[in-house]
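The values are calculated or read from the model by the stated rules, or taken from the named source; none is laboratory data. Owing to the predicted nature of the structure, the values given are computational and were not obtained by experimental measurement. A quick note on method: Cβ atoms are made from the backbone with ideal geometry, for glycine too, and the neighbour counts reach across all protein chains shown. Side chains included, ligands, DNA and RNA excluded: accessible areas come from the protein's heavy atoms. Shrake-Rupley method; radii C 1.70, N 1.55, O 1.52, S 1.80 Å.
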Amino acid sequence: MREDKKTIIVFSNDMDKVMAAFVIATGAAAMGDEVTMFFTFWGLNVLRDAKKKAQGKSFLEKMFGAMMPKGVEKLPLSKMNFLGIGPKLMKYMMKKKNVMMLPEMIKQAQELGIKMVACSMSMDVMGIKKEELIDGVEIGGVATYLGEASEAGVNLFI
Amino acid sequence: MREDKKTIIVFSNDMDKVMAAFVIATGAAAMGDEVTMFFTFWGLNVLRDAKKKAQGKSFLEKMFGAMMPKGVEKLPLSKMNFLGIGPKLMKYMMKKKNVMMLPEMIKQAQELGIKMVACSMSMDVMGIKKEELIDGVEIGGVATYLGEASEAGVNLFI
Amino acid sequence: MREDKKTIIVFSNDMDKVMAAFVIATGAAAMGDEVTMFFTFWGLNVLRDAKKKAQGKSFLEKMFGAMMPKGVEKLPLSKMNFLGIGPKLMKYMMKKKNVMMLPEMIKQAQELGIKMVACSMSMDVMGIKKEELIDGVEIGGVATYLGEASEAGVNLFI
């Protein structure tokens, strides 16, 4: 087991939880750790590229996709969302305090070499295709996750 | 500490989170790991047997029990539940993609020898009795959990 | 890595989740483990002292603070909150079963030497000041957390 290896499962698509995940992940990577983030279920929405579209979706898959937040700019808050006012307020307060925003955090995560893996089973169930995701994302299953997590000293489920 | 040992606390009774817990648990057990799942608070509802009843409950305990989902077929989604339409839709999409359903996952977990522990303190507070739970479940407290987790390399709270 | 060291991130301010965090933390500390609890985002509300006030807050910070639960007595339930009836019912059932209440658990945590750290970045974004927090709390950032977690055998995100 390695103290300098960490994994995070991003299950949620709540802006606040996703931010916590990226703060921990980029913090660790900046300190030299090897970090893998595994995006599953609602967490997949973080990786959806707002400008990309996929062909050949069924009606249900399209409907499901339309009801979920498409990309990192659209994420709700887990509490005090108030139909989207909460996230705007939070972003405003973050900007005032010079805290890095999520889109920049994700860019930084990729520059720091953080491995971002999209869960293949969730993609299949929710009808999300690889061509809808942001660049630089790998696809993997539970075996991928378990392989990484078994080696890592810190494993979080967010 | 052992790389081949894992524990998962199932705190939530959301269908999606419980599924994530069982996908990880059965995946690890199938690869030869020793896995303990610890069900606490709302997670206890996963272990309630819809066909079993307990005697000697107080009025409050009965009321509490009636308001919570009884068993694995009744679990809500953490997001987009839409009064129960969400879980049905999710199950439909899972069936179409040949993904294993929760009841089968639980059966598989037991066949793979995953240890399933119900939290004694939560049972006491919520008034859930052993005779209401599915077969093969052990009862344990926080010391049981800590003993297992201290030895395990991967410990998740879901 | 040390089997006798544990960290818990308390991200949520739901009474049920916070209780789970303190049951695990105090259980581990009572068995001789070194435990660090890291309070971030909504979890900061657990550490707010209902009787303390801070000067020099902006309008937005005051508003944000007023909308969040101030202190451990005001926490909602993650499920079945019913406008505050759920938490009261839960407390009633806990008292009947002689389960320790949250305020006592926190006191016990401090007596057992559990290190309680408030996340500096979240405090900054949400406008929560040190003088509003209960006594005995340290302030720290993600590096503090990562330093502790890398050494610990059990790391949970709650």
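As an exercise: evaluate A:Thr7 against (1) over 12 Å from the mean Cα position of the chain (by Cα); (2) open to solvent by 10 Å² or more (accessible area, probe 1.4 Å) and give the number of the one condition it does not meet.
Failing condition for A:Thr7: (2).
Kindly indicate which of A:Ile128, A:Ile106, A:Ile139 is buried (at least 20 other Cβ atoms within 10 Å of the Cβ) and either closer than 30 Å to B:Asn98 by Cβ or touching a strand residue (DSSP E or B) at 6+ places or on another chain (Cβ under 6 Å) (or both).
A:Ile128
So which of C:Lys95, C:Lys129, C:Lys107 is farther than 30 Å from A:Asn155 by Cα and either in contact with a Phe, Trp or Tyr (Cβ under 7 Å, 6 or more places away or on another chain) or more than 14 Å from chain A (Cβ to nearest Cβ) (or both)?
Among C:Lys95, C:Lys129, C:Lys107, only C:Lys95 is farther than 30 Å from A:Asn155 by Cα and either in contact with a Phe, Trp or Tyr (Cβ under 7 Å, 6 or more places away or on another chain) or more than 14 Å from chain A (Cβ to nearest Cβ) (or both).
Counting only residues that are closer than 22 Å to B:Ala21 by Cα and surrounded by 24 or more Cβ atoms within 10 Å (Cβ to Cβ), how many does region A:25-44 have?
10
Please work out if C:Ala118 is more than 16 Å from the chain's Cα centre (by Cα) and crowded, with 21+ Cβ neighbours inside 10 Å.
Considered against the rule, which asks whether it is more than 16 Å from the chain's Cα centre (by Cα) and crowded, with 21+ Cβ neighbours inside 10 Å, C:Ala118 comes out as no.
Output yes when any residue across region A:41-56 is farther than 19 Å from A:Asp124 by Cβ, part of a helix (DSSP H, G or I) and out of contact with any Gly (no Cβ under 7 Å at 6 or more places or on another chain), and no when none is.
No, every residue in region A:41-56 fails to be farther than 19 Å from A:Asp124 by Cβ, part of a helix (DSSP H, G or I) and out of contact with any Gly (no Cβ under 7 Å at 6 or more places or on another chain).
Can you pull out every residue in region A:1-20 that is more than 9 Å from chain C (Cβ to nearest Cβ) and either more than 20 Å from C:Gly153 (Cα to Cα) or in a helix (DSSP H, G or I) (or both)?
A:Val10, A:Phe11, A:Ser12, A:Asn13, A:Asp14, A:Met15, A:Val18
For region A:47-91, give me the residue count where each residue is touching a residue at least 24 places away in the same chain (Cβ under 8 Å), open to solvent by 30 Å² or more (accessible area, probe 1.4 Å) and under 25 Å from C:Met63 (Cβ atoms).
Counting residues in region A:47-91 that are touching a residue at least 24 places away in the same chain (Cβ under 8 Å), open to solvent by 30 Å² or more (accessible area, probe 1.4 Å) and under 25 Å from C:Met63 (Cβ atoms) gives 5.
So C:Ala30 clears everything in (1) within 14 Å of chain B (Cβ to nearest Cβ); (2) of a type outside the set (Asp, Glu); (3) within 29 Å of B:Ser78 (Cα to Cα) except one condition, right? Which one?
(3)
Search region B:146-158 for residues being open to solvent by 10 Å² or more (accessible area, probe 1.4 Å) and part of a helix (DSSP H, G or I), and hand back the single one that is nearest to the other protein chains (Cβ to nearest Cβ).
Checked region B:146-158; the qualifying residue nearest to the other protein chains (Cβ to nearest Cβ) is B:Ser150.
Could you please give the count of residues in region C:68-102 that are out of contact with any strand residue (DSSP E or B) (no Cβ under 7 Å at 6 or more places or on another chain) and assigned to a loop (DSSP other than H, G, I, E, B)?
Looking only at that region, the number is 14.
For region C:56-75, check the following and say yes or no: at least one residue is touching a helix residue (DSSP H, G or I) at 6+ places or on another chain (Cβ under 9 Å) and closer than 19 Å to B:Ile9 by Cα.
No, every residue in region C:56-75 fails to be touching a helix residue (DSSP H, G or I) at 6+ places or on another chain (Cβ under 9 Å) and closer than 19 Å to B:Ile9 by Cα.
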